[in-house]
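The structure under discussion appears below in the form of structure tokens.
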Amino acid sequence: MIEKIKSLTKDTAIYGISTIVGRFLGFLLVPLYTNVFSEADFGIYSNIYAYLAFFNIFFIYGMDAAYMKYASLAEDSERKKVFSTPYILVFFTTVLLVILMLAFKNTLNVIMQVPDIYSNLIYYVTGIVFFDTIVMIPFSYLRLYNNARKFAAVKIINILTNLVFNIILIFNYKMGIEAVFISNFIASVVTFIIMSRDISKNLSLVFSNEIIKKMLKFGLPYLPASLAAIVVQVIDRPVMMLLKGPEATGIYQANYKLGIFMMLVVSMFQYAWQPFFLVNAKEKNAKEIYSKVLTLFVTAAAVIWIFISLFIDNAASFEIFAGRSLIGKEYLSGIHIVPIILFAYIFHGIYINFTAGIYIEEKTSYLPLITGIGALGNVVSNFLLIPYLGLTGAAISTFISYFLMAAANYIISQKFYPVKYEIRKVASVLFLITVTICIYYFLYTNNKLTFFVKLVMLFVFLASMFLFGIIKTEDLKKTLTLFLRKK
């Protein structure tokens, strides 16, 4: 038992670190793009990639999850059949869907609001989605059979390949946003080549109707939930593109990306949290631990939030090289959305914390409903707020979606696995952030948010956390001891 737990923790660390490193390396492209591309071109690229996220989910239609489910139950003699059956189906449906995309490329370009000058990008998009889809089941194979190191290595190679070719094509060949899609296509091909050995090792010309019926019955219900999750993450780009145009979309996307600093914090928490709460579920004081962890997370996230929110504009406008800043100066007009995006990610972290009860009590069937509530709230609020508030409206919509998901998750998880959270402390932190945001925007709109004023706001915020008893040294030590103690 102990060895299995250690193995789980080790693999989780590898997956988590590789994902976080990958996201950070991906973020390094933002300074490159925003210092080279116009706001409109960056907006077009961002919008196409939002649609690409939907294509990736639609093309695999839950078969990767279905493969993991049935491969984990299969006998050794059945492994190739269980791998080959979904892989063959996904391969042929992907080929069919790519052909349909190319046949209706003009219609797709209109739907994705791609200007005629960039109509050829659809060829790279179809290539990317093709190669990305046909390696999804092989990646699931690596995860299932605990090959975390190769999984992480291939993912990082993909991102590094993408990064290197972006730099070469943009600086050496003076390409525009075509370079982004060509680089991604090359990286996807490289990934397929690396994974081809695992594919050939497990693939045979065997197709089982019985197996595929079971897999489709299991996998297809994942599609709505997965699409809803993507809606929460990216629907603001197409809506912004539709209502405000490519320039506003580009500015919004560049500043939204600055939320990566809180996203990384939440990602690290997520990868550590799930194995932690599963391992500790049978402890007598498990619920007390979970309550303390929520308080600690919200408190720590609030401290990170105030520092980033107050000084992100100074960091973003700092010149790394002559005339080159963290994001291009033309994009800085949207920097004011960052505090809201960061706050939204805090609620995403709260949502993740509340999933403990749902997993422990095996009520995961409620997760699609929870995600659907967030997706619906995101779509409706985007269409209502963007026409009047522009970039700020889209940022508020992101906040609304994560708030609704956290609230719905809390209500459902408390029904099946009630935990006495430190509501007063958590609510005090969230209220303090809300008040600070209001003061921030009042000062920002009146051009009074000077560096000295920021320092005063920082001091008042931190002092308030001690004054209102949100942070107590003894509680902090106790929580850290509980969280880090050896099994």
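Throughout, read-outs are computed from the coordinates displayed, never taken from laboratory work. What you see is a predicted model, and the numbers here were worked out from it, not measured in a lab. Please note: Cβ atoms are built from the backbone with ideal geometry, for glycine as well, and neighbour counts cover all protein chains shown.
Brief remarks follow.
- Above-threshold pairs, the threshold being 29 Å between Cα atoms, out of K105/K201; K155/K363; K81/K150: K105/K201; K155/K363
- Order by protection proxy (mean Cβ within 10 Å, highest first), peptides 456-467, 305-316: 305-316, 456-467
- Taking packing as the residue-averaged number of other Cβ atoms within 10 angstrom, the listed peptides 26-33, 261-268 run from highest to lowest as 261-268, 26-33.
- Spacing of the two label points (7 Å from each Cα toward its C-beta) at V380 and V189, in nm: 4.7
- Residues in the range 154-185 reached by a label modelled at V21 [backbone nitrogen below 12 Å; 7 Å Cα→Cβ]: 154-160
- Working note: 222 nm ellipticity from helices only, DSSP H runs with n ≥ 4, each -39,500 (n - 2.57), summed and divided by the residues of the chain, gives -26500 deg cm²/dmol to the nearest 500.
- Gyration tensor (alpha-carbon) shape descriptor, the range 192-317, a/c threshold 1.5: oblate
- Relative exposure of I159, I137, judged by other C-beta atoms within 10 Å (fewest first): I159, I137
- Multiplying the residue separation of K174 and A74 by 0.36 nm and removing their Cα-Cα distance gives an extension gain of 30.8 nm.
- Calculated log₁₀ intensity ratio I(q)/I(0) where the Debye formula runs over C-alpha points of the range 261-364, q = 0.15 Å⁻¹: -0.69
- Sorted peptide list for 273-281, 78-86, criterion being average Cβ within 10 angstrom, highest first: 78-86, 273-281
- Value of Rg to Rh for the chain (Rh from inverse mean 1/r over Cα pairs, i.e. Kirkwood): 0.96
- Working from label points 7 Å from Cα in the Cα-to-Cβ sense, the F92 to D116 distance is 4.0 nm.
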